[in-house]
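Written out below as structure tokens is the structure these notes cover.
Nothing in this text is a laboratory measurement; each read-out follows from the coordinates by a stated rule. This one's a predicted model, so the numbers in the text were calculated from it and none came from an experiment. We place every Cβ from the backbone using ideal geometry, glycine too, and count neighbours over all the protein chains shown.
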Amino acid sequence: MSLRSSHNRKAGRPKPDNVPSSEDIARDVRRMKHEQKPAHNYRALSLEMHGMICAKCAREFDEKNKRELTVHHIDGNDANNPADGSNWENLCIHCHEDAHSRGM
Ligand SMILES: [Zn+2]
Ligand SMILES: [Zn+2]
């Protein structure tokens with residue numbers, strides 16, 4: 001009999017105590033949906049909203065080189081990620097560096 005050690009760690013093991021009731025979970029889910037902070041993927045969002053183009057030098061990017069297109073926070077606060085994208089500016093790495101070196 002082969003006992004393969006548990007292979008599905010990702011599936012999440014049950015917590016010992018303190019298992020939230022389904023009501024709690026539903027409330028959490030609702031709250032998360034409501035807040036929907038885009039912070040973790042603001043880059044993708046910003047590229048989608050503003051297009052894959054540098055806002056300064058107008059260099060265009062595509063799937064292959066979009067890594068060189070970065071998202072600058074206009075107010076300098078990278079925790080400020082309004083869902084409407086108003087604090088984001090897509091800048092190529094050069095323009096981005098430039099923006100930071102002069103803006104201080
Ligand atoms: Zn640029
Ligand atoms: Zn920046």
Notebook entry, point to check: How high is the relative contact order of segment 48-98, in percent, counting Cα pairs under 8 Å that sit 6 or more residues apart?
Noted result: 44 percent
Item checked: Pair Asn41, Arg102: separation of 7 Å Cα→Cβ label points (nm) -> 3.5 nm
Item checked: Length gained when the stretch Arg67-Met52 is fully extended (0.36 nm per residue, less Cα-Cα span) -> 4.4 nm
Notebook entry, point to check: What is the calculated FRET efficiency for Glu23 to Ile74, with r their C-beta to C-beta distance and R₀ = 41 Å, to the nearest 0.05?
Noted result: 0.50
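Taking every pair of distinct Cα atoms and averaging 1/r, then inverting, what Kirkwood hydrodynamic radius in Å comes out for segment 40-104?
11.7 Å
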Check: For Leu91, which sequence-distant residues (separation of 5 or more, or a different chain) have an amide H within less than 5 Å of its own amide H, given hydrogens modelled in the peptide plane?
Finding: Ala55, Thr70, Val71, His72
